[in-house]
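Asker: Let me give you the structure first, and then I'll get to my questions.
Readers should treat all values here as calculations from the given coordinates under stated rules, not as data from a laboratory. Being a predicted model, the structure only gives us computed values, none of them experimental. Note: ideal-geometry Cβ built from the backbone for every residue, glycine included; neighbour counts use all protein chains shown.
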Amino acid sequence: MRRITRFVTGKQEEMLKENTRYFGVIGLLLWAGLFVALTGCRQQPQQRLQTVIDGYAQGGTYHVVLVGDSTSYGLKRQIDSLLSEIDNSMSLYNPVSLLSRINRGETDTVDRFIASCIRLADSISRESDGRYDITIGPLTEAYGFTGGKPTQNPNIDSLLERVGYQKLSVEQDRLKRGHPDMRIDLNSIAQGATVDYLARWLDSLGRTDYLVEVGGEIFARGYNAQGKPWRVGIDKPVEGNMTPGAQLQVRIGITDCGLATSGNYRKFYTDSLGRKIVHTVDARSGRPVVSNLLSATVVAPTSAQADAYGTLCMILGLEESVRFLEQHPELQAYLVWSDESGAYRTYMTPGMNALVLK
């Protein structure tokens, strides 16, 4: 007999109805719709108790699936509190968040969440020769990617003077900026970092088998209720596929790793010239990326790494991504791209091919 406990309140349902835009920590990533395939084995008898805690956070939903000990009283309240703490730190849409106040120049103090994201982002910026860069805030603001109206014909050269990961550092708990008008955009890493934070918290409680998903970013520990790797679906990157899980490209099984998908087919706008402006920006050129790469799913040791590297792949494009991944055997990836005829093609690293559920 299958036993699942869900914790969803009527108030939360109303919050979802009212919520019509993505929250700041989703932003630039444009997650391509990971669907936690909890239903894939429902016809099979479960061997262990499974508890599912659902809720709403950061402009979307979250799911925490626990296997084993049924002691879960009060966990939802604690999870919601942790997510609220992160919201008040790294959200670009929350005007009183610490990151919002830093970007307005009201403080130079960073907390553990922001400092950790900056350190990881700096390492990825260096190994990508600056293609990935969290200081693209002035550019994403100009293109209207952070909730405001886009600027017509933005002065890219002027904006680039305020961009550059080399101009940013953290000394103890103080942020040092090489230009007073620099803006930090953590949208390509903060959602994954949120998942990792919840995962570490569950580790501290002695949980050994669980899955955490926030807005599409995932971390899986151990095994599901059937004693198998956690089943996760990757959406087909087609325009109009707005419901995660409705049209799946492939299903994979993962354990003890993070996973994130980045794509350009769900979040874009059309400018006055009819051009599709996507939410992935190359920090070196200062312009949105034009590429035939439709989505990039990355499996990495942490969800934050998967989050950031997925965005990097979208910046690099297909050919450069393949070369980059060949140099990083710790990463596995599933890339979906479009050929000259418009047909969908896929590329998988050897390790990702082994994860695909046949």
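Asker: Under a 5 Å amide H to amide H cut-off, with H placed in plane at 1.01 Å, what residues pair with GLY55 once short-range neighbours are removed?
Answerer: TYR62
Asker: Using the Cβ atoms and a cut-off under 11 Å, what net charge is assigned to the surroundings of ARG284, where Lys and Arg are +1 and Asp and Glu are -1? Please report the intermediate quantities before stating the final value.
Answerer: Details: positive: ARG131, ARG287; negative: ASP129, ASP133, ASP282.
Net of charged neighbours comes to -1.
Asker: Still on this model: Only loop residues by DSSP count here, and only those with at most 10 other Cβ atoms within 10 Å; note down the chymotrypsin sites (Phe, Trp or Tyr not before Pro) in the range 58-102 that meet that.
Answerer: Passing sites in the range 58-102 are TYR73.
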